[in-house]
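Asker: Mind having a look at this structure? Questions to follow.
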């Protein structure tokens, strides 16, 4: 099963879900756009939607039921991944306009930023063990990937890269991401933790 989004002929964004050869459209009721972001093995998916006022909210979809959630005190909450324990990770914007990574487990939100973060962090993947990967910016505005193993952070920088992102992690701890080389060309990478 995969999830994602597409734009129709009128430019409206809709969610999609299903096996690659049988994708089904879905929309959060009352939304002006819907985006599927992540799905677990049980078919529970997370994503974001825009309401009529233009605000971005997060949702969880179980079967045909949508449940909205927002990081407390934040706005523009975007969940990116969900594991089989229903742990959700993603990003949100605080009142000062800074973006932070978050984790949601059993109704409890936790903001986290890797050491050295200035201005931006985002969690993009979580595996069955709760290990998280993502990206952050440092004081010079450079992007680095990170690996979070239960609160112990490892910075991910592809050798010779000008910026690195951590995008996904599987149950074996294999990480995928992308980086830009010194010529500004984007590449993918695979790493083992």
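Asker: Sort the following peptides by mean Cβ neighbour count (other Cβ atoms within 10 Å, averaged over residues), highest first: 129-140, 32-43, 58-69.
Answerer: Numbers: 129-140: 19.7, 32-43: 18.2, 58-69: 15.0.
Peptide ranking by packing, descending: 129-140, 32-43, 58-69.
Asker: Let me ask something else about it. Gain in length, residue 42 to residue 110, computed as 0.36 nm per residue apart minus the alpha-carbon separation, to one decimal in nm?
Answerer: Values: separation 68, 0.36 × 68 = 24.48 nm, distance 2.36 nm.
Gain on stretching residue 42 to residue 110: 22.1 nm.
Asker: For region 120-193 and region 1-76, what is the separation of their Cα centres, given in Å?
Answerer: Computed from Cα coordinates, the inter-centre distance equals 25 Å.
Asker: Please state, to two decimals, what the Cα-based radius of gyration of region 84-193 comes to when divided by 2.2 N^0.38 Å (N = residues). Provide the component values of the computation, followed by the final result.
Answerer: Working: Rg = 13.6 Å, N = 110, 2.2 N^0.38 = 13.1 Å.
Normalised Cα radius of gyration, region 84-193: 1.03.
Asker: At 7 Å along Cα-to-Cβ for each site, give me the label-to-label distance between residue 95 and residue 1 in nm.
Answerer: Using points 7 Å along Cα→Cβ, the separation is 3.8 nm.
Asker: Please identify, among 182, 163, 48, the residue showing maximal mean-square fluctuation in a Gaussian network model of the chain using a 10 angstrom Cα cutoff.
Answerer: 182
Asker: For residue 84 and residue 32, FRET efficiency with R0 = 30 Å and r from the beta-carbon atoms, rounded to 0.05?
Answerer: 0.45
Asker: Given labels modelled 7 Å from the Cα in the Cβ direction, how far is it in nm from residue 8 to residue 128?
Answerer: So the label points at residue 8 and residue 128 sit 3.9 nm apart.
All of the numbers you see were taken from the coordinates with simple rules; none came from a lab. What you are looking at is a predicted structure, and each value in this text was computed from that prediction instead of being measured. Cβ: placed from backbone, ideal geometry, glycine included. Neighbour counts: every protein chain shown.
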